[in-house]
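Q: The structure under discussion is supplied below as structure tokens; questions concerning it will follow.
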Amino acid sequence: MATATNPTSTSMERDARRIHDDKPVSPANIAIGVVIGRMSEFFDFFVYGLASILVFPRLVFPFVQDPVSATLCSFAVFSLAFMARPVGSLVFMWIDRTYGRGTKLTIALLILGGSTASIAFLPGYESIGLWSVALLSLFRLGQGFALGGAWDGLASLLSLNAPKNRRGWYAMVPQLGAPFGFALASVLFGYFVANLSDADFLSWGWRYPFFVAFAINVVALFARLRIVATREFGELLDANELQPQPVFRMLRLHGRDVLLGAFVPLASFAMFHLVTIFPLSWVTLYGGQSPAQFLVVQVFGAIVGVGTIIISGLLADRIGRRSQLMIGAIIIAIFSFSAPFLLDAGRIGQNAFILIGFAILGLSFGQASGSVSFRFSQTYRYTGAALTSDLAWLIGAGFAPLVALGLASNFGIIFIGGYLISGAICTIVALTLSRALDQGDDSAAPVAAGRR
């Protein structure tokens, strides 16, 4: 609750809802806002992820003894954002309670866009020495910190406005932002890699996608604020459906659900960076085809991922979200046995790895967002889902490129199959425990029943 001495956007949001009260927002309009918002977040992160392979090992870490070690250093900085994300969630939830949702989103997205745009001006190691590493780390931490604050509850709003027999369909809508964001980032980097000399690309060409990221963030900010100012959003806020709650109070009641929810989507989150970031690093370091050619293949893979994310929504409404996630984890486990051999089989095998991998990822990732919130009671759903999502990304995806490349380069590419299957096993165990807890805990049943 905002105090009288604190400037807050809450009153302005309420005024805007009264102004637009005769213009209710449909689930379709909410879906568009959600996709735009998620696409901007993923675009920021994928622009950084691609640069962490194509640019930073040579620009920021040229003092490291070999290209593989330089890329591992770059991936270590990549992981910082996932470590900062839970901290950002804690800080921005306080801002939300004190100054309003609009203020929180504006600050978070400006920090996210500003951190991303600042990377575009980053001097290399040859210019400022180790300060280049320090600045890159600072900007990466800023991205992660801001992403924690970008949690807006719009996915929950979309789910709560969805018909009961279409919840799987609406749960997959926010996930479409990931392949769209990745495809756009890949197209931009692919264009500059293919059309510039190596010297020009390393000097200035790589910087343009980071400027684009800031512009997309501005568009996403207005799209989100438009929905925050709707009557539907206000009604859910007034009913405590989307209100942030003190984290430690939530953990006392739902600590078990946070821990369990962090492991439920682990298979798809582990798979996430193993078909987007890691394979480009492997191809760049060990060959098979040029990075520009491989980026084109990854764009087609993202298109395939869009299709299977949509299919996941249809399947989840028929067989249930939890069953859909279980099937996805089993398929990922099966794929883990062939994935290393495909990636090490030259151009044809690498292309097959990407297309098949994205298809499998879409089936699982399409329902991953709903998996983190269905066990929380109404009052704590917003806070619980935010923190659970942060932990799931940290455990499942934050260190995936670093661990995968470290294992593959030191012990053989076969070890990435072991990494994938470990994520699948975690998901299968977590889903099995979740089902057992639902059957043994009557207090959880009403919550879970409506969200599966």
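The values are calculated or read from the model by the stated rules, or taken from the named source; none is laboratory data. Every value quoted in this text rests on a predicted model; they were computed, and no experiment measured them. In this analysis, Cβ positions are derived from the backbone assuming ideal geometry, glycine residues included, and neighbour counts consider all displayed protein chains. To get the accessible areas, we keep the full protein, side chains included, count just its heavy atoms, and leave off ligands, DNA and RNA. Shrake-Rupley method; radii C 1.70, N 1.55, O 1.52, S 1.80 Å.
Q: Roughly to the nearest percent, how much of the accessible area of the range 67-144 is carbon and sulfur, given a 1.4 Å probe?
A: That share works out to 77 percent.
Q: What does the net charge come to around ALA430 if you take all other residues with beta carbon closer than 13 Å to its beta carbon, with K and R at +1 and D and E at -1? Mind showing how you got there, number by number?
A: Numbers: positive: ARG256, ARG322, ARG375, ARG435; negative: ASP257, ASP438.
Result for the local shell: +2.
Q: Please pull out the direction-averaged projected area of the range 18-138, using the convex hull of its alpha-carbon atoms, in nm² to one decimal place.
A: 9.7 nm²
Q: Determine how many Å³ per residue the convex hull of the Cα atoms of the range 272-331 encloses.
A: Per-residue hull volume (Cα only) is 79 Å³.
Q: Using the beta-carbon distance between SER323 and ALA345 and R0 = 35 Å, what value does 1/(1 + (r/R0)^6) give for FRET efficiency, to the nearest 0.05? Display every interim value, and only then the final one.
A: On the way: r = 33 Å, r/R0 = 0.94.
Given R0 = 35 Å and the Cβ-Cβ separation, E is 0.60.
Q: After finding the eigenvalues of the alpha carbon gyration tensor for the range 286-388, what semi-axes result from the square roots of 5 times each, listed largest first in whole Å?
A: 32, 14, 13
Q: Then there's this: Could you please state, rounded to a whole Å, how far the C-alpha centre of the range 170-220 is from the C-alpha centre of the range 281-355?
A: One Cα centre to the other: 20 Å.
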